[in-house]
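The values are calculated or read from the model by the stated rules, or taken from the named source; none is laboratory data. What you are looking at is a predicted structure, and each value in this text was computed from that prediction instead of being measured. Glycine also receives a Cβ, built like all others from the backbone with ideal geometry; neighbour counts cover every protein chain displayed. The accessibility values were calculated without ligands, DNA or RNA, using every heavy atom of the protein model including side chains. Shrake-Rupley method; radii C 1.70, N 1.55, O 1.52, S 1.80 Å.
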Amino acid sequence: MQDDAIISISHLSKVYPSGFTALNDISLTIKRGEIFALLGPNGAGKTTLISILCGLVNPGPGELKVDGLDVIRDYRAVRKMIGLVPQEIAISMFETVWATVKLTRGLYGKKPDDVYLEKLLRSLSLWDKKNNKLMTLSGGMKRRVLIAKALSHQPKVLFLDEPTAGVDVELRRDMWQMIRELKDDGVTIILTTHYIEEAEDMADRVGVINKGRIVLVEEKAELMKKLGKRELVLELPSPLSNLPATIQIDGLDLSPDGNKLTYTYDTRSDYGEIGRVMRTLYEHGIEFRDLHTSQSSLEDIFVSLVSGNDATDATPGDAK
Amino acid sequence: MNIQAIKAIYGFEIHRTLRTWKQSIVSPVLSTSLYFIVFGSAIGSRMMDIDGVSYAAFIVPGLILLTILVESINNAAFGIYMPRFTGTIYEILAAPISAFEIVIAYVGAAATKSVVLGLIILLTARFFVDFSIVYPLWMLAFLVLISVTFCLFGFILGVWADGFERLQIVPMMVVMPLTFLGGSFYSISMLPGIWQTVALFNPVVYLVNGFRWSFYGVSDVNAAFSLSMIFLFMLVCLGVIWWIFKTGYKIKV
């Protein structure tokens, strides 16, 4: 499994000089070539974790390795592998797109490569803006520039810290597409986001961090399966005053107006359960005029995990 | 060593200077030329020689230094302060570049600009004042050393400053007065008794006199001692910068 891991974090903590504990005994492994979504409320520790890995914040106790190399001892080799798209739009407003992207490539020790940079800017629809000063670009374009800078040195690992915050829907879709293409090229992507649908749409695995602790790390599909709820809603032709007492099915509820029956069930449960519900209703002469099913979103799962963590103050543990 | 990174930062900073050439080059050359016209050509013609050097020529090294000190501090301070102010410092910190390389790049770019500026002012002075340089290589050595040292000092200032006001306080309220009082316009032997001793506590006296010695071979203090003082100040600045990167002071938490 070690060869499979591009990032290994072991028992990492970080306490800021103010006394605030941003990270508390975090252990986490990121697999090579995956898209990993790190979710968490504001102040959960997402940005601190990314900042430590990228060298922006000094780490506390613990061990951090990227591709088997220590982030402090082997900082040059580690940082060459990493690209970062920060949360804030931090760019030199008076410089041109071309100059700023070229600067970043140089900072990472790469020789100038105008052909690659042209290809990169074209892929981000920035080529025709290459001589424009950054201050003249729209917010979405500036964010594209940040991505171009992060990719200018062809990193193996890309950190995207809230990449689509404040970005319009069209640009967000473009970015998602670009992220998928990077994954196809073998780049490992670690994404922090508030947009749950972003993680739901793209991530291979999801990690939830709250109050500096990793609450859960799981394959997205597995997480949805484990913690996701399904609902079967039956719309009745005429309202029921109440459910017959002889119907004893857990999770089956009548709406207050008597027009809908809702059956909530676990995605792990046997699909035969639905058949049993339908048969029982039929036997009691309850008909329906329409039905539909829905599945809980990652957002619902995230909220339930974080609120559960708040209530129980979960103990830290290794997450692989 | 990450040579590409040094080249990238150095080139970026030089480009910033060229982009703002009116403010960066023309403005200091013009204001120093005015000093040459007023104090050199106009008033200087009515002043007596000092140590066998005409007054107009006597003030040339001091006036060059006045500009070099202020510009060196400003260039280096803005060079590192602006990335901190705009947040772009993140890409310097995240890059595979050592503290030593960061300092070489920023201070190197700022010092290059100061040396070029000093040489332009030197050439400009020739239009207004007749002077010669006895030790041109020493003159160049002093110019480079003083530029580098004060760029290091400016770098510290740029890290320390929390706002534009703080950036301006040291060059305008400390360095400028010390330069004026450090013998740029007079020989400290012209001062009354006790003030000659007081003047020796002004570090700029050693810079001005060392630089002036390279021009005319005359100085209020020993030139070797002047050189030692510059090296000492450079070592102090390097020590402070080493501490900044070791502790992450105002750069990294």
Give the average, rounded to an integer, of partner chain Cβ atoms located within 10 angstrom of each Cβ in A:71-84. 2
Between segment B:210-237 and segment A:48-77, the alpha-carbon center distance in angstrom: 45 Å
For the cross-link pairs A:Lys119/A:Lys226; A:Lys183/A:Lys225; A:Lys46/B:Lys250; A:Lys220/B:Lys252, which exceed 31 Å when the distance is taken from alpha carbon to alpha carbon? A:Lys119/A:Lys226; A:Lys220/B:Lys252
Interface size A-B, as summed buried accessible area [1.4 Å probe, Å², nearest 100]: 2500 Å²
Carbon and sulfur: what percent of segment A:69-156's accessible surface (1.4 Å probe)? 53 percent
Among B:Ile37, B:Phe180, B:Gly163, which residue has its Cα positioned farthest towards the positive end of the charge dipole of segment B:3-247, with +1 placed on the Cβ of Lys and Arg, -1 on the Cβ of Asp and Glu, and the dipole taken about the Cα centre? B:Gly163
If one takes the longest principal axis of the Cα atoms in chain A, at what angle in degrees, from 0 to 90 and to the nearest 10, does the Cα axis of helix A:114-123 lie? 20 degrees
Quick one: which residues, 5+ away or cross-chain, put their amide H under 5 Å from the amide H of A:Leu38? H built at 1.01 Å from N. A:Leu191, A:Thr192, A:Thr193, A:Gly207
Which residue, chosen from B:Thr197, B:Phe233, B:Ser24, occupies the Cα position most advanced towards the positive end of the dipole of the protein assembly as shown, where the dipole is computed from +1 (Lys, Arg) and -1 (Asp, Glu) charges on Cβ about the Cα centre? B:Thr197
Within 10 Å of each Cβ in A:110-116, how many Cβ atoms from other chains are there, averaged over the peptide? 1
Between rounded, prolate and oblate, where does segment A:75-192 land on the alpha carbon gyration tensor, with a ≥ b ≥ c its root eigenvalues, rounded for a/c under 1.5, else prolate if a/b exceeds b/c? rounded
About its Cα centre, how strong a charge dipole does segment B:1-145 have in debye, to the nearest 20, once Lys and Arg get +1 and Asp and Glu get -1 at the Cβ? 360 debye
Classified through the alpha carbon gyration tensor (a ≥ b ≥ c as square roots of its eigenvalues; rounded if a/c is under 1.5, else prolate when a/b is larger than b/c, else oblate), segment A:164-212 comes out oblate
Rolling a 1.4 Å sphere over the protein heavy atoms, what is the accessible area per residue of chain A, to the nearest Å²? 47 Å²
In whole Hz, the Karplus estimates of ³J(HN,Hα) for segment A:186-200 (6.51, -1.76, 1.60; θ = phi - 60°; x where Gly or Pro) are x, 7, 7, 10, 10, 10, 9, 7, 9, 7, 4, 5, 5, 5, 4
Give the ranking of A:Asp168, A:Asp128 by solvent-accessible surface, highest area first, calculated with a 1.4 Å probe. A:Asp128, A:Asp168
With only helices counted (DSSP H, runs n ≥ 4, each -39500 (n - 2.57)), the per-residue ellipticity at 222 nm for chain A, to the nearest 500, works out to -10000 deg cm²/dmol
Computed magnitude of the charge dipole of the protein assembly as shown (debye, nearest 20; Cβ of K, R +1, Cβ of D, E -1): 2120 debye
Through the Karplus equation 6.51 cos²θ - 1.76 cosθ + 1.60, θ set to phi - 60°, convert the phi angles of segment B:97-104 into ³J(HN,Hα) values in whole Hz; use x for Gly and Pro. 9, 7, 4, 4, 5, 4, 5, 4
Count, for each residue of A:56-65, the Cβ atoms from other chains sitting within 10 Å of its Cβ, then give me the mean as a whole number. 2
In what order, largest first, do B:Phe100, B:Phe78 sit by accessible area if the probe radius is 1.4 Å? B:Phe100, B:Phe78
For B:Thr197 the rounded accessible area (nearest 10 Å², probe 1.4 Å, non-protein molecules ignored) is 70 Å²
Roll a 1.4 Å probe over the protein chains and send me the accessible area per residue for segment B:3-247 in Å². 44 Å²
Per the charge dipole of the protein assembly as shown (beta-carbon charges, Lys/Arg positive, Asp/Glu negative, Cα centre), the residue among B:Ile6, A:Gly207, A:Thr293 reaching farthest to the positive end is B:Ile6
With only Lys, Arg, Asp and Glu charged, each at its Cβ (+1 for the first two, -1 for the last two), find how big the charge dipole of chain A is about the Cα centre; round to the nearest 20 debye. 1680 debye
Taking a ≥ b ≥ c as the square roots of the eigenvalues of the Cα gyration tensor of chain A, is the shape rounded (a/c under 1.5), prolate (a/b larger than b/c) or oblate? prolate
Just by accessible area at a 1.4 angstrom probe, what is the order of A:Thr100, A:Thr21 from largest to smallest? A:Thr21, A:Thr100
Threshold 40 Å² - residues in segment B:1-36 whose accessible area is reduced by that much or more when the chain is no longer isolated, probe 1.4 Å: B:Gln4, B:Ala8, B:Phe12, B:Arg19
